[in-house]
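The values are calculated or read from the model by the stated rules, or taken from the named source; none is laboratory data. These numbers were taken from a predicted model, which means no experiment stands behind them. Don't worry about glycine lacking a Cβ; one is built from the backbone with ideal geometry, like all the others, and counts go over all protein chains shown. Heads up: the accessible areas ignore ligands, DNA and RNA and are worked out on the full protein's heavy atoms, side chains in. Shrake-Rupley method; radii C 1.70, N 1.55, O 1.52, S 1.80 Å.
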Amino acid sequence: MDRIKITGGTPLKGIIPISGAKNAALPLMIASLLTSDRLTLKNVPNLADVNMLARILRNHGADHSIEGKRANPSTLMGDTFHLTARDIVDTTAPYEMVSRMRASFWVLGPILARMGEARVSLPGGCAIGTRPVDLHLDGLKALGAEIDIDAGYVVAKAPRGLRGNKIVFPKVSVGATHQVLLAASLARGETVIENAAREPEVGDVAECLVKMGAGIEGIGTSTLRIQGRTRLDGAIHTVLPDRIEAGTFACVVAATGGDVVLEGARRDLLVTAIAALEKTGVSVTDSPDGIRIARNGAGIEPISLETQPFPGFPTDLQAQFMALMTRAKGTSVIRETIFENRFMHVQELARLGADIQLHGDTATIRGVKGLKGAPVMATDLRASVSLVIAGLMAEGETMINRVYHLDRGFERLEEKLSRCGASIERITG
Ligand code: UD1
């Protein structure tokens, strides 16, 4: 199993290119199941989760190819995917696949809408809470699906197709919004989703569905009005930049000090996180190519924040900000309101000398004078990268074990960081 070795203490300087967003690329790839025509996706990040989903889609009958060969593997450009699901040859998504990546559960709605039936294993994914799928199933039932749970599988039927309806989600869910949005695009009539997730990745999927022929109003708002079609066309769509990757690298620079341009990063996707960073004393300015992050000399100011659905502070940046706060000049408070168990990084950060107290959904972080490198364990995707940040701040060597979590969501992390002067290397095997 690969490990990552970090020696902390070097300020970063240079340019970090931001990849396409994993959380948009996955549902966009799934949208290919809605049409027998070709869906071309540009700027797809090369990640373990993306490759896994491509395998799952192939299993359902999607033909998948990657355009050309990379002229130079270090150009860090995203891939262009062609996906054509001329026929859905298998309406079952098996446990062995879905359990490895939660987002693959979202194939349920599209396969059901297109084929009138689908059998999809209940999901697994990051161990950050119970993560139920009740909202997904309620949404599909509202569109006319009959749903049973049988031996760990969701068995959904709609022999006469799905019909549009009004759905009011009692809670904001990114996944349930994707699920219903995808299915409703191939349902008869109009669907209105109220309390829809406003995450930019949902908007990106909606814009692609519009290119495929669906009528969608209210993109970017909490009310989505979808005019379903009996058939959707192919399209060409570019995946939007990964705001979580950009926010993570911004935290890295805030942590180590230095001056880095996040190439391709979009400020409008990161408003709350940038406001939080500025409060810590980091300078965030626009550059012609993206966003420039700098911290020179001055220490890190403590802050308090609470995770919220977009446009609030993203739960996917909570662990990274906590790592940063371990070295702040005072006490910070972070409240996690989205996932009840998303504090697994706390114990590992403590191994490096962080002072963090947990009370229910709230972490109190007292800034310490210095962290000291140690062996640590990656536990989930975003928690793993918080250990990278802490390791880069720590004195001496940090060895991160189980880095396959990082490979699920961060493209060439070590390469992007070492080009800016960080001492970070992968030890294979
Ligand atoms: C997506 C993101 C993940 C991010 C999360 C919140 C992808 C691939 N993953 O995950 O990175 O951390 O949004 O921004 O895009 N819930 C229910 N019932 C449901 C569904 C969700 O109670 O049927 C709850 C969850 O337990 C959680 C909250 O709703 O407490 C939000 O979860 P949700 O937005 O659905 O997260 P995911 O789509 O799984």
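Numbers below:
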quantity: Eligible aspartates and glutamates near Lys329 by straight Cα distance, threshold 12 Å, same-chain separation 8 or greater; calculated: Glu301
quantity: Diffusion constant of the chain at 20 °C, which comes from Stokes-Einstein with the Kirkwood Cα-pair radius and 1.002 mPa s, µm²/s; calculated: 97
quantity: Reachable lysines, given that their alpha-carbon falls under 25 Å from the alpha-carbon of Lys416 and they are not under 8 places away in the same chain; calculated: Lys5, Lys13, Lys22, Lys42, Lys69, Lys372
quantity: FRET efficiency for Asp138 and Arg3, using Cβ-Cβ distance with R0 set to 56 Å, rounded to 0.05; calculated: 0.85
quantity: Dipole of region 22-238, positive end: most advanced residue of Ala184, Leu143, Ala62 [Cβ charges, Cα centre]; calculated: Ala62
quantity: Added length on full extension, which subtracts the Cα-Cα distance from 0.36 nm per residue, Thr221 to Asp87; calculated: 44.9 nm
quantity: Within region 179-265: Cβ-based charge dipole about Cα centre, in debye rounded to nearest 20 (Lys, Arg +1; Asp, Glu -1); calculated: 460
quantity: Global form of region 164-257, assessed from the alpha-carbon gyration tensor, a/c cut-off 1.5; calculated: oblate
quantity: Radius of gyration and maximum dimension Dmax of region 22-238, Cα, Å; calculated: 16.0, 50
quantity: Partner lysines for Lys166 [C-alpha distance under 28 Å; skip if fewer than 8 residues away on the same chain]; calculated: Lys141, Lys157, Lys211
quantity: Per residue accessible area in Å² of the chain, where ligands, DNA and RNA are left out and the probe is 1.4 Å; calculated: 38
quantity: Candidates Pro314, Pro170, Pro123: whichever shows maximal mean-square fluctuation once the chain is modelled as a Gaussian network with Cα springs under 10 Å; calculated: Pro170
quantity: Whole-Å semi-axes of the ellipsoid equivalent to region 287-348 (Cα gyration tensor, √5λ, descending); calculated: 22, 18, 11
quantity: 10 Å beta-carbon shell around Val368, net charge (K/R +1, D/E -1); calculated: +3
quantity: Folded to 0 to 90 degrees: helix 174-184 orientation relative to the chain principal axis, Cα; calculated: 20
